[in-house]
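To keep things clear, I will list the structure first and then write my remarks on it.
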Amino acid sequence: MMGGRSENPELWTFLESLHCGEHLSGTVTAIERFGVFVALDDGPDHPVFPGVGFITIPELSWRRIEAASDVVQVGQRVSCEFLQFDTWNLEARLSLRATQPDPFQAFAGSIAVGQKLHGQVTKLVPFGVFVRVADGIEGLVHLRELTWTPAQAPSDVVHVGDEVTVVVTEIDRERRRLVLSRRQASSEHQ
């Protein structure tokens with residue numbers, strides 16, 4: 001633990017005054033493999049870290065990213081939403097993605113169960129494949145939904161990069177999941 005209220009009274013008072021959902025602005029001061037430090041405009045300095053604010057990698061963007069530098073750069077100004085006071089590290093946990101519209105929700109509102117979509121296979125997993133059906137939007141095709149004939153592995157049917165036609169079988173807006181079927185999109189039958 002970084003220190004208690006008595007060791008850093010100004011920092012504790014500042015962090016305790018923040019409310020979940022509040023918007024804070026600051027400057028990106030450091031990019032690490034685990035997240036991004038932000039020096040908040042209205043906050044005091046941190047005794048150890050290069051900023052009182054911290055954004056974890058998943059909170060940087062709605063899209064999957066390889067590195068934090070794909071989204072932000074050191075010196076960049078950001079406006080974030082306050083998530084919580086991390087009392088262990090004495091920092092404000094922030095979200096950049098919470099300030100942006102969720103592309104999945106917009107996409108989910110524009111499609112319907114039963115609709116055919118075209119996409120590209122992006123990843124094979126033991127239980128199926130992921131297919132990108134729009135920019136930043138991927139859905140899962142379970143192994144049993146890849147083909148009418150039983151397959152032992154997804155690689156028996158498709159490969160990463162293949163273009164496929166799929167049918168939307170489920171849209172879970174709350175969990176941000178799209179379930180697809182290649183089998184239902186094909187003209188072959190049992």
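Here the accessible area is traced with a 1.4 Å probe on the protein chains. For region 30-181, carbon and sulfur cover 49 percent of it.
Using the rule -39500 (n - 2.57) for each DSSP H run of four or more residues, divided by the residues of the chain, the 222 nm mean residue ellipticity is -2000 deg cm²/dmol.
Taken one residue at a time, the phi angles of region 169-186 give Karplus couplings (6.51, -1.76, 1.60, θ = phi - 60°) of 10, 7, 10, 10, 5, 5, 9, 6, 10, 10, 10, 10, 9, 7, 4, 5, 7, 8 Hz. Gly and Pro are set to x.
Of Ser61, Ser6, Ser25, the order by accessible heavy-atom surface (1.4 Å probe, DNA, RNA and ligands excluded), from most exposed downward, is Ser6, Ser25, Ser61. Annotation: peptides 69-78, 160-169, ranked by per-residue average of other Cβ atoms within 10 Å with the highest first, follow the order 160-169, 69-78. Relative contact order for the chain: 16 percent, from Cα pairs under 8 Å spaced at least 6 residues apart, divided by residue count.
Ranked from largest to smallest solvent-accessible area, with a 1.4 Å probe on the protein heavy atoms, Trp62, Trp12 come out as Trp62, Trp12.
The values are calculated or read from the model by the stated rules, or taken from the named source; none is laboratory data. All values reported here derive from a predicted model rather than from experimental measurement. Virtual Cβ from ideal backbone geometry, glycine too; neighbours counted across all protein chains shown. SASA here: full protein model, heavy atoms, side chains in, ligands and nucleic acids out. Shrake-Rupley method; radii C 1.70, N 1.55, O 1.52, S 1.80 Å.
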